[in-house]
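Worksheet: the structure to be examined is printed underneath.
The values are calculated or read from the model by the stated rules, or taken from the named source; none is laboratory data. Source: prediction; values computed, not measured. As a convention, Cβ positions derive from the backbone with ideal geometry for all residues, glycine included, and neighbour counts pool all protein chains shown. The protein model used for the area step is the full one, side chains on, heavy atoms only, and it has no ligands, DNA or RNA in it. Shrake-Rupley method; radii C 1.70, N 1.55, O 1.52, S 1.80 Å.
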Amino acid sequence: MKLIIKNGIVVTHNKEVRRDVLVENGLITAVGAGLDTDADEVVDAKGCYVLPGLVDAHCHLRDPGYEYKEDIVSGTKSAALGGFTSVACMANTNPVADNKAVIRYIVDKATREGYVNVFPIGAMTKGQSGEELAEIGEMKEAGIVGVSDDGYSVKNSSVMRKVMLYAKMFDVAVLCHCEDLDLAEEGVMNEGCLSTEMGLRGISKACEEIMIARDIILSERTQVPVHICHVSTALGVDLIRKAKERGVKVTAETCPHYFTLTENACEGYNTMAKVNPPLRKSEDVEAIINGLCDGTIDIIATDHAPHHADEKNVEFDKAANGIVGFETALPLSYTALVATGKLTMPELVQTLCKGPSDILRINRGELKAGSAADITIFDPSPSYRIDVEKFASKSKNSPFHGYPVNGRVNFTIVGGKITVRNGKIV
Ligand code: DOR
Ligand code: ZN
Ligand code: ZN
């Protein structure tokens, strides 16, 4: 099977240039100007960007256990439609992905039925209880690329230190959900005037920042690299910036909702905007964007967190936390960051492709001869409003319904196979 992508602008993490791309037997075999060969299929990418397939270092596929929210089939369809070709799924499933049997189940099902590559993240601690380490070595053999108790922080610093040392021994990434749960108490949105006005309990920024500081210090003392998930506050960005200046091996991610929305999205008790960490203030949004621009924040992840309508159509303080993100991440990022001139296309590609791949050490996210043919074709020109009813995800919990964006994924190619054609799942 020979496929050629013609007339597009190939964007990699360090350049953008008009090139054709030849794909043979699941690999990219040539990237060049005016490639002239016969192929089984020619894809015309005129007017489009040809990107390395996007890599999501943080999502929730909800399988096993919460298939009414999402499963590996619907979740990977949604990922493919968003231009993702590899995704790393978090361990807060039921049962928790804290052992090799659950990891094997995820890997096997994704291999048989998935539309993109799935890289499972194993829990740090058994049952995500923060007390006893999970079997990291056995899970590594079964296929994990990282560990995380995402949804919770590991509260006990001694346990967290051991997690880091074991993770280093087994060469898996450490992904930290930073939240001091005691300090957060029963908060449901960002703490401030608005939470008071709305009569809702607030979550102070300190909840996140204290744990970011702790995990940076543990990393500094153990020399084990750590990755900070979903950074949402200005001081959080600054703590990471200062740590990097000292040479700490810390990387960080943010999500599109943290650079496009503020706590005001919660007005009217809009549960679609309820997420953890919570949406913050405009000065935080600005700091997150600056962090992306100066490289303090290394990557953009979705934190795709599907929830059933019944879990959102309730009082704000009872609603589930989370936003679905696969099908909006690239248009939101392009519109907010590239169309505004804040990032170049190669810089955006670094945050969505090679950056996440390097953190997970999965050797993806590049578009060059010899690499796996994971490719996304993105047309930057269409302007439209996001319509959650069109999502392939089983869940529609997004605050971006009706939000204006530019750009659409036309094709997604995974291992040389077209999984999305003209914006539709194949
Ligand atoms: O909003 C969130 N949703 N934050 C988390 O940490 C967990 C996630 C989920 O699993 O729904
Ligand atoms: Zn989290
Ligand atoms: Zn998450």
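General remarks:
- Charge-dipole axis of the chain as Lys and Arg at +1 and Asp and Glu at -1 on Cβ define it, positive-most pick from Ala91, Gly407, Val226: Gly407
- Based on protein heavy atoms only, region 164-279 ends up with 39 Å² per residue of surface accessible to a 1.4 Å probe.
- Under a Gaussian network description of the chain, with springs only between Cα atoms under 10 Å, the residue in Val42, Val23, Val107 that fluctuates furthest is Val42.
- Candidates Glu191, Glu315, Glu67, ranked by Gaussian network fluctuation over the chain, Cα under 10 Å, top entry: Glu315
- The fraction of Cα-Cα pairs per 20 angstrom bin, counted from 0 for the chain, comes to 28, 60, 12, 0 percent, rounded to whole percents.
- Residues whose placed amide H lies under 5 Å from that of Ile228, excluding near-sequence neighbours: Cys176, Thr251, Ala252, Glu253
- Heavy-atom accessible area order for Leu352, Leu200, Leu27, largest first, 1.4 Å probe: Leu27, Leu200, Leu352
- Among Ser282, Ser78, Ser383, residue whose mean-square fluctuation peaks in a GNM of the chain (springs only between Cα atoms under 10 Å): Ser383
- The heavy atoms of Lys318 present about 140 square angstrom of accessible area, all protein chains included, probe 1.4 Å.
- Packing rank of 388-394, 113-119, where each peptide gets the mean count of other beta carbons within 10 Å, highest leading: 113-119, 388-394
- Whole-Å distance, taken between Cα centres, linking region 111-142 and region 326-357: 28 Å
- Sorted into 5 angstrom bins from 0, the C-alpha pair distances of region 114-205 split as 3, 14, 20, 18, 12, 11, 9, 8, 4, 1, 0 percent.
- Other-chain or far-sequence residues with amide H under 5 Å of Leu35's (modelled H): Asp20
- Legend: residues Glu138, Glu185, sorted from most to least accessible area (1.4 Å probe; ligands, DNA and RNA excluded), read Glu185, Glu138.
- Evaluated at q = 0.11, 0.14, 0.17 Å⁻¹: base-10 log I(q)/I(0), Debye formula over Cα of region 16-172: -0.54, -0.75, -0.94
- Dipole in debye (nearest 20) - region 318-392, about Cα centre, beta carbon charges: Lys, Arg +1; Asp, Glu -1: 200 debye
- The chain - percent of accessible surface contributed by carbon and sulfur, probe 1.4 Å: 49 percent
- For peptides 341-347, 60-66, sequence by mean Cβ density within 10 Å, most packed first: 60-66, 341-347
- By the Kirkwood approach, averaging reciprocal distances over each pair of separate Cα atoms, region 333-426 gets a hydrodynamic radius of 15.0 Å.
- Given +1 at the Cβ of Lys and Arg, -1 at the Cβ of Asp and Glu and no other charges, the dipole of the chain around its Cα centre is 900 debye to the nearest 20.
- Rg then Dmax, both in Å and based on the Cα atoms of region 79-134: 12.3, 38.
- Sequence-ordered 3J(HN,Hα) estimates for region 298-312 from the Karplus curve with 6.51, -1.76 and 1.60 and θ = phi - 60° stand at 7, 9, 10, 10, 8, 6, 3, 10, x, 9, 5, 3, 5, 8, 10 Hz, glycine and proline given as x.
- Each residue of region 83-92 was assigned a 3J(HN,Hα) from its phi angle through the Karplus expression (A = 6.51, B = -1.76, C = 1.60, θ = phi - 60°), giving x, 7, 10, 9, 9, 10, 9, 6, 8, 7 Hz with x at Gly and Pro.
- Area projected by the alpha carbon convex hull of region 198-327, averaged over all directions, nm²: 8.1 nm²
- Hypothetical label at Ala39: residues of region 368-390 whose amide nitrogen lies under 17 Å (7 Å Cα-Cβ projection): 368-379
- Residues whose amide H comes within less than 5 Å of that of Met189, counting only those at least five positions distant or on another chain, are Ile203 (H built at 1.01 Å from N in the peptide plane).
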